[in-house]
Ligand SMILES: Cc1cc2nc3c(=O)[nH]c(=O)nc-3n(C[C@H](O)[C@H](O)[C@H](O)COP(=O)(O)OP(=O)(O)OC[C@H]3O[C@@H](n4cnc5c(N)ncnc54)[C@H](O)[C@@H]3O)c2cc1C
């Protein structure tokens with residue numbers, strides 16, 4: 001399957017490696033071996049790579065900061081991994097901050113804070129990259145990417161070029177962006193900011209950091225919140241899991257954090273299957289005892305089938321199967 005890819009990599013001198021362990025690129029530190037990893041150096045090269053992979057019918061996935069994914073750990077992965085880490089330019093253009101998809105969100109916030117540009121503080125403790133944050137419509141402290149996104153530059157299957165899109169805020173939801181349904185790859189984004197004294201921005205950043213350190217197990221390996229908060233439920237996902245007595249509950253090397261019940265942490269040797277089983281278990285207990293059906297926020301990648309058609313992880317309350325957040 002990769003004969004043609006090898007030929008294209010050599011022909012275009014793309015930056016690529018074969019047989020690369022993916023676990024170190026995920027915050028859970030779980031994942032198998034990618035047969036190929038490609039690092040486009042600019043937007044045009046990204047388009048050429050994505051087009052080639054799609055045209056050749058080679059399964060691929062984009063991995064950002066790896067802070068919201070659970071990657072299978074049984075040997076060789078069925079996808080080529082595209083890493084956008086090299087798309088790292090940040091600049092201001094006509095009053096908005098424009099950043100490459102590979103810019104880590106905390107770095108973007110610090111960059112803006114130093115220049116007295118406020119509005120992005122909520123991103124400061126989210127350990128993903130710009131592309132991943134936009135794709136997820138990540139958010140914290142009552143704000144989300146949709147509130148500040150001015151434009152995104154994307155590639156979509158079938159397009160031979162980068163397209164600038166200006167999605168309406170109505171197209172976004174809780175951890176939902178229009179890019180998910182369109183299978184867009186975000187290559188660059190622009191964010192609205194407002195002039196503020198740098199010391200005022202820094203004070204907000206400090207306060208947010210203090211709050212996270214106090215409430216979240218940041219020293220442990222996790223992928224952030226395991227479940228979305230129910231929109232009209234009797235409490236947050238963490239409160240519900242705590243209420244059914246699962247704080248500290250373990251399956252294999254995976255544990256519900258004693259500090260924050262919505263964080264599943266890798267205690268050192270957790271397998272993909274430990275985390276999946278713990279997600280299923282917590283979800284089933286909350287459903288049985290509190291009749292709330294939790295939706296995973298962590299994106300679970302299944303080894304097979306290869307792209308976008310992952311089965312649900314467990315049956316839903318009506319026995320029909322819960323909606324899986326998987327697939328890009
Ligand atoms: C300690 C901790 C705290 C967290 N706190 C928060 C929080 O407060 N709020 C919150 O919303 N999230 C939080 N998260 C979760 C996570 O950081 C966010 O979901 C983040 O947006 C994921 O970005 P990423 O770059 O790591 O994406 P990844 O985990 O690498 O990927 C997630 C999905 O996005 C896709 N993707 C990534 N980049 C692109 C791209 N350029 N184009 C298209 N698709 C792409 C991937 O294919 C995958 O489907 C936390 C995680 C941790 C570990």
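Observations on the structure shown:
- Checklist (1) in contact with a strand residue (DSSP E or B) (Cβ under 8 Å, 6 or more places away or on another chain); (2) part of a helix (DSSP H, G or I) applied to residue 110, failing item: (1)
- Boolean, residue 265 is within 29 Å of residue 173 (Cα to Cα), surrounded by 19 or more Cβ atoms within 10 Å (Cβ to Cβ), more than 16 Å from the ligand (Cβ to nearest atom) and not assigned by TED's automatic domain parsing to the domain that holds residue 75: no
- Residue tally, condition in contact with a helix residue (DSSP H, G or I) (Cβ under 6 Å, 6 or more places away or on another chain), within 11 Å of residue 64 (Cα to Cα) and in a loop (DSSP other than H, G, I, E, B), over segment 113-143: 1
- Residues of segment 60-74 classified as assigned to a loop (DSSP other than H, G, I, E, B) and either in contact with a strand residue (DSSP E or B) (Cβ under 7 Å, 6 or more places away or on another chain) or not assigned by TED's automatic domain parsing to the domain that holds residue 14 (or both), total: 4
- Some residue of segment 119-126 being within 30 Å of residue 53 (Cβ to Cβ), at pLDDT 95 or above and within 12 Å of the ligand (Cβ to nearest atom): yes
- From the options 169, 222, residue that is touching a helix residue (DSSP H, G or I) at 6+ places or on another chain (Cβ under 8 Å) and farther than 30 Å from residue 57 by Cβ: 169
Let's see how each residue does on (1) closer than 28 Å to residue 87 by Cα; (2) in contact (Cβ under 8 Å) with a residue 40 or more places away in the chain; (3) outside any loop (DSSP other than H, G, I, E, B); (4) over 18 Å from the mean Cα position of the chain (by Cα):
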site: 161; (1), (2), (3), (4): yes, yes, no, yes
site: 164; (1), (2), (3), (4): yes, no, yes, yes
site: 179; (1), (2), (3), (4): yes, yes, yes, no
site: 187; (1), (2), (3), (4): yes, yes, yes, no
site: 201; (1), (2), (3), (4): yes, yes, yes, yes
site: 205; (1), (2), (3), (4): yes, yes, yes, yes
site: 208; (1), (2), (3), (4): yes, yes, yes, yes
site: 222; (1), (2), (3), (4): yes, yes, yes, no
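- Residue among 147, 85 that alone is surrounded by fewer than 23 Cβ atoms within 10 Å (Cβ to Cβ) and part of a helix (DSSP H, G or I): 147
- For residue 245, the stated conditions do not hold, so it cannot be described as crowded, with 16+ Cβ neighbours inside 10 Å and either within 16 Å of the ligand (Cβ to nearest atom) or in the same structural domain as residue 296 (by TED's automatic domain parsing) (or both).
- When 38, 50, 43, 77 are checked against the criterion of being at pLDDT 95 or above, away from the ligand (no atom under 12 Å from the Cβ), more than 30 Å from residue 253 (Cβ to Cβ) and not assigned by TED's automatic domain parsing to the domain that holds residue 255, 38 stands alone in meeting it.
- Filter result (within 30 Å of residue 29 (Cβ to Cβ) and more than 16 Å from the chain's Cα centre (by Cα)) within segment 123-148: 141, 143
- For segment 88-106, the set of residues classified as surrounded by fewer than 20 Cβ atoms within 10 Å (Cβ to Cβ) and away from the ligand (no atom under 12 Å from the Cβ) consists of 88, 89, 90, 91, 92, 93, 94, 95, 96, 98, listed by residue number.
- Residue 240 meets each of the listed conditions (1) outside any strand (DSSP E or B); (2) away from the ligand (no atom under 12 Å from the Cβ); (3) modelled with pLDDT of 95 or more; (4) not assigned by TED's automatic domain parsing to the domain that holds residue 289 apart from (4).
- From the list 284, 270, 254, the lone residue that is farther than 27 Å from residue 112 by Cα and either in the same structural domain as residue 98 (by TED's automatic domain parsing) or touching a residue at least 40 places away in the same chain (Cβ under 8 Å) (or both) is 270.
- Candidate set from segment 222-237 (those that are within 11 Å of the ligand (Cβ to nearest atom) and crowded, with 19+ Cβ neighbours inside 10 Å); member that is farthest from residue 124 (Cα to Cα): 226
- Count of residues meeting criterion [away from the ligand (no atom under 15 Å from the Cβ) and in contact with a strand residue (DSSP E or B) (Cβ under 7 Å, 6 or more places away or on another chain)] in segment 167-194: 3
The values are calculated or read from the model by the stated rules, or taken from the named source; none is laboratory data. The shown structure was predicted, so the numbers you read here are calculated from the model rather than taken from an experiment. Virtual Cβ from ideal backbone geometry, glycine too; neighbours counted across all protein chains shown.
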